[in-house]
Amino acid sequence: MDKIISLIILGVMVGGIYSLIALGFVFIYKSSKILNLAHGQFLMFFAYVTYTLISQAHLPFVAAVIIVLVLSALVGVFVERFTIRPLMGQSILATIIMTFALGFIVEGIVILISKGYYASLPAFLPTGMWKLGAINISHQYLAILVLTLLLFAACMWFYQGSRAGLAMRAVAEDHITTASTGISVAQTFRLSWVIACLLAVISGLLLSSLYDVHIDLAGYGIAKGLPVILLGGLESMGGALVGGLIVGLAEMFGAGYIDPLVGGGFREVVPFILMVLILMVKPYGIFGLVKIERV
Amino acid sequence: MLNVNNIEVMFHGSILVLSGVSLQVADKQMVALLGANGAGKTTTLKAIAGMLHVEDGKVTHGSIEFDGRRIEKLTVEEIARLGIALAMEGRPILEHLNAEENLLVGSYIKREGANIKKDLDMVYGYFPRLKDLRKNTGGYLSGGEQQMLVVGRCLMMHPKLMLLDEPSLGLSPLLMREVFDIVDRIHREEGTAFLIVEQNAMLALAFTEYGYVMENGKVVLDGVSEKLRANEDVREFYLGLSEVGNKKSYREVKHYKRRKRWL
């Protein structure tokens, strides 16, 4: 029983991070139907930049994070303007491949400069552990979960309640109809890229507080983010949250019960098995938008 | 206010769709644009609203002026901000947004705070049914309700000129009349100018002051709506009447041979 409870707790906490990674994908997909395959590399890149600012420029952690947030917003604007917008009107696939290439370029730059070392950020989240009998609750994981939930609440408020959010939802529906009301589609795209990059910074930092700063964070971002958004539905923030939790729980139970039988490694595969199963039943994901067709 | 001056529109750089379309809409005027299928009415509206590029089309000749400013090279957003609202054919609502959010999208560019509330009340004044449906998902509204929503969204933009593309398409005759009645009220009360593309020529000419008839990408006839209604050719080819008050008998006409050549 203790094992089940601690697996659930761990699953929820790990799932929180996955949700946060997925949220970055959702923002861009919703407004432009583009799957940003560079998201993993972005979060790795920003984690590296933060580390470099702290270790080389000797900036305090908070200052470094603020600088990186500003930088990431600029990266978002830049990427949208020079790689995505020129491809507007072309096939979506071309744009997705563009993000794929962009990811490799970013990764290449990081390898070139850093030579691929491991590094660790100073601990910025509370460390320590609550012990309730045999169940351990890590303060670090808990802090990450709380932060994730707060960010989700903020994003959902922004999307449902603010003027800019309404423009984003309108753009998500139909570009030309929205443009005909005077809302700038290009500006809305830019905003969604900026938000996605800010989210990449935060999820990059949270991930590296758990796993160190390393090139593999990029692959990790993709390998965790994709199953979550496909599970939850590409357009849905709530889907990203629920999908993240499902993947987190499934991973932990896979690790707890099946890994010992097969000798490990099953944890990495669980999200994809789950993804295939759910897509067979619900091709739009659990909360994906189904096109409304009136007969 | 709107001055379309001898425009030529080409798609894909080679397909000529409009050649020599000229029309004017004065301040607070209601104008009808009539013509058979494929005459180029919708293309004319899209040219005015700056939407040709979506289908790889372009104004290759002539000019479009709005309030004395050339607009044929502006983007859709810029033209909308100048005060031209286009209600496209086929009721383009934002289907996953609810009715009220659909309207709010229209108010995005200009209004804030209390004014939005006032504008919503104005739209609900014209379309009381929308008020009851305001929390309903746009995609699940009926055809007539969606048409009202589209006109309402345009109204939220406080345009000087509204372009309506076949507002009566797919609506019952009763609902058609209702939509036109409301358009007429908006015209009188808000002073909005209208350019209306319509298949139902009788209805359109009854509500407008001036009309243009298009065929094969050209304007072939124009005049005061009442005169157009009395014009024999228009009666014959668009209204389906040959003698005053008599329904045309198709047995007596060999339509394909007697097709009117305008030019």
- request: Calculate one ³J(HN,Hα) per residue across the range A:192-208 by plugging θ = phi - 60° into the Karplus curve 6.51 cos²θ - 1.76 cosθ + 1.60, and present them in order as whole Hz with x for glycine and proline.
  value: 5, 5, 4, 4, 4, 5, 4, 5, 5, 4, 5, 5, x, 5, 5, 4, 6
- request: Give the shape of the range B:67-219 as rounded, prolate or oblate, defined through the alpha-carbon gyration tensor: a ≥ b ≥ c are the square roots of its eigenvalues, a/c under 1.5 means rounded, and otherwise the shape is prolate if a/b is larger than b/c and oblate if not.
  value: oblate
- prompt: Based on the Cβ-Cβ distance of B:N3 and A:I105, what FRET efficiency does E = 1/(1 + (r/R0)^6) give at R0 = 35 Å, to the nearest 0.05?
  reply: 0.10
query: How crowded by other chains is A:159-171, given as the mean number of beta carbons from other chains within 10 Å of each beta carbon?
result: 3
message: I'd like the Karplus ³J(HN,Hα) series for the range B:207-215: coefficients 6.51, -1.76, 1.60, θ = phi - 60°, whole numbers in Hz, and an x wherever there's a Gly or Pro.
response: 9, 9, 9, 9, x, 10, 10, 10, 8
query: Exactly which chymotrypsin sites (Phe, Trp or Tyr not before Pro) in the range A:80-169 are in a DSSP loop and have at most 12 other Cβ atoms within 10 Å?
result: A:Y117, A:Y118
task: Treat each spin label as a single point 7 Å out from the Cα along the C-beta direction, and report the A:L132 to B:R129 distance in nm.
output: 5.6 nm
statement: Rounded to the nearest 5, the percent of antiparallel DSSP beta bridges in chain B equals 60 percent
query: Going 7 Å from the Cα of A:I176 in the Cα-to-Cβ direction, what parts of the range B:83-112 have a backbone nitrogen less than 14 Å from that spot?
result: B:86-93
task: Please list, in chain and number order, the residues 5+ apart from B:V220 or on another chain whose amide H is under 5 Å from its amide H, with Hs placed from the backbone.
output: B:V213, B:M214, B:E215
field: Inter-label distance for B:N216 and B:Y140, nm, one decimal - labels placed 7 Å from Cα along Cα-to-Cβ
entry: 5.0 nm
message: Could you tell me the center-to-center distance, by alpha carbons, between the range A:60-108 and the range A:144-209 in angstrom?
response: 15 Å
field: Estimated FRET transfer efficiency (B:D56, A:Y118; beta-carbon r; R0 56 Å; 0.05)
entry: 0.65
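What range in chain A is the longest one free of trypsin sites (Lys or Arg not before Pro) that are in a loop by DSSP and have at most 12 other Cβ atoms within 10 angstrom? Working shown, then result.
Numbers: sites that count: A:K115, A:K291, A:R294.
No qualifying site falls inside A:116-290, the longest such stretch.
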- line: Per the rule of 0.36 nm per residue minus the C-alpha distance, extending B:N115 to B:E78 adds in nm 11.1 nm
Cα centroid separation, the range B:164-226 to the range B:51-68 (Å): 22 Å
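Helix-derived [θ] at 222 nm for chain A: sum -39500 (n - 2.57) over DSSP H runs of at least 4, divide by residue count, nearest 500?
-24000 deg cm²/dmol
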Options A:G182, A:L198, A:G244, ranked by Cα towards positive dipole end of the range A:179-295, top entry (Cβ charges): A:G182
task: At 7 Å along the Cα-to-beta-carbon direction for both A:M1 and A:L69, put a label point, then send me their distance in nm to one decimal.
output: 4.4 nm
message: Test of understanding: what is the full-extension gain from A:Q90 to A:K282, defined as 0.36 nm times their sequence separation minus their Cα-Cα distance?
response: 66.3 nm
task: Please give the peptides A:4-14, A:242-252, B:183-193 ranked by average Cβ packing (other Cβ atoms within 10 Å per residue), highest first, as a rough proxy for protection.
output: A:242-252, A:4-14, B:183-193
message: Sort B:116-129, B:143-156 by packing, meaning the average of other beta carbons within 10 Å per residue, with the highest value first.
response: B:143-156, B:116-129
Integer Hz, Karplus 6.51/-1.76/1.60 couplings in order for the range B:34-49, x for Gly and Pro: 10, x, 6, 4, x, 6, x, 5, 4, 4, 4, 4, 5, 4, 5, 7
- line: Using alpha-carbon positions, the gyration tensor of the range A:1-151 gives root eigenvalues a ≥ b ≥ c; with a/c under 1.5 called rounded, otherwise prolate if a/b exceeds b/c, else oblate, the class is oblate
- line: Per residue of B:66-78, other chain Cβ atoms within 10 Å number on average 2
query: To the nearest whole number, what is the average tally of beta carbon atoms from other chains within 10 Å of the beta carbons of peptide A:181-191?
result: 5
statement: One would report the antiparallel percent of DSSP beta bridges in the range B:81-235, rounded to the nearest 5, as 45 percent
Cα gyration tensor, chain A - rounded (a/c under 1.5), prolate or oblate: oblate
message: Calculate the FRET efficiency for B:D184 and B:H12 from the Cβ-Cβ distance with a Förster distance of 45 Å, rounded to the nearest 0.05.
response: 0.70
query: Which percentage, to the nearest 5, of the DSSP beta bridges contained in the protein assembly as shown is antiparallel?
result: 65 percent
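Bear in mind that the values in this text are calculations on the coordinates, not laboratory data. Computed from a predicted model, the values in this text were never measured in an experiment. All Cβ positions, glycine included, derive from the backbone under ideal geometry; neighbour counts span all protein chains shown.
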